[in-house]
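The structure appears below as structure tokens.
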Amino acid sequence: MSAKNAVKEYFGKTTALLTEMNVDSVIEIAAELNLCFQRDSRVFICGNGGSAVDASHFAGELVGRFRRDRKAMPAIALTTDSAVITAIANDYGYENIFSRQLEALGQQGDILVAISTSGNSSNVLKAAETARALGMQVIAFTSQLCDSPIWADIHWKSNSPSTSFTQEQMLIAFHALCYAQEEILAEEE
């Protein structure tokens, strides 16, 4: 296959999947994030690999800005502090890198956004368990490979089993969530 055909084929598959994306759960999540911010609670975000970068990106858009100048929204990526992550991994094991941070920072009323394309990442599952024990709501973002995770209160699921297509859809969902929060804030001002 030529590069031209490969690129066109990939764009075609991406476009088809995007038109059938799960929008209802993004709307539900947007409402829950709004309630969280209204009660001055925080959003914590975690994931591994590409999902770790997505967690950081999503937090950055909420704390900084997406499209509008507005007040900062309290969001923390649990994936960004290398000293904390490596200390926890060394002393307590890699499966505890997110849960240990939640033990220190999480509170009842906060939200954990748990990103795992498989829905089976041990450190994400442990974070969800800790979050629920603290009285936090857990929102899962997974691929089509994960049915209904019992560890999540709300589940956004990609319509694809492919990690790359799932990650692309997640980025669009995260941007839609940021856009929704900014539009809600703009109406309140």
Scan segment 92-113 for residues that are in contact with a helix residue (DSSP H, G or I) (Cβ under 7 Å, 6 or more places away or on another chain) and assigned to a helix (DSSP H, G or I) and jot them down. Tyr92, Tyr94, Glu95, Asn96, Ser99, Arg100, Gln101, Leu102, Glu103
Restricted to segment 123-147, and to residues that are within 16 Å of the chain's Cα centre (by Cα) and hydroxyl-bearing (Ser, Thr, Tyr), which residue is farthest from Thr166 (Cα to Cα)? Thr142
Subset of segment 5-26, residues assigned to a helix (DSSP H, G or I), of a type in the set (A, V, I, L, M) and either farther than 18 Å from Ala173 by Cα or in contact (Cβ under 8 Å) with a residue 24 or more places away in the chain (or both), comes to Ala6, Val7, Leu17, Leu18, Val26
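Of the residues Ala89, Ala127, which is outside any strand (DSSP E or B), without any contact (Cβ under 8 Å) to a residue 60 or more places away in the chain, within 21 Å of Ser56 (Cβ to Cβ) and of a type in the set (Gly, Ala, Ser)?
The match here is Ala89.
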Every listed condition ((1) buried (at least 16 other Cβ atoms within 10 Å of the Cβ); (2) not in a loop (DSSP other than H, G, I, E, B); (3) not hydrophobic (A, V, I, L, M, F, W, C)) holds for Thr117 save (2)
Filter segment 153-164 down to residues that are surrounded by 22 or more Cβ atoms within 10 Å (Cβ to Cβ) and outside any strand (DSSP E or B) and give me whichever is modelled with the lowest pLDDT. Ser160
Test each condition in (1) closer than 25 Å to Glu182 by Cβ; (2) acidic (Asp, Glu); (3) part of a loop (DSSP other than H, G, I, E, B) for Asp147 and report the one that comes out false. (1)
For Arg132, the lone unmet condition from (1) surrounded by 16 or more Cβ atoms within 10 Å (Cβ to Cβ); (2) closer than 24 Å to Ile27 by Cα; (3) modelled with pLDDT of 95 or more is (1)
Residues that are among the aliphatic types (A, V, I, L, M) and surrounded by 13 or more Cβ atoms within 10 Å (Cβ to Cβ), drawn from segment 82-107: Val84, Ile85, Ala87, Ile88, Ala89, Ile97, Leu102, Leu105
Can you pull out every residue in segment 41-68 that is farther than 12 Å from Gln181 by Cα and surrounded by fewer than 21 Cβ atoms within 10 Å (Cβ to Cβ)? Ser41, Arg42, Asn48, Gly49, Gly50, Ala52, Val53, Ser56, His57, Gly60, Gly64
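The values are calculated or read from the model by the stated rules, or taken from the named source; none is laboratory data. Every value quoted in this text rests on a predicted model; they were computed, and no experiment measured them. Neighbour counts are summed over all protein chains in view; Cβ atoms, including those assigned to glycine, are modelled from backbone coordinates with ideal geometry.
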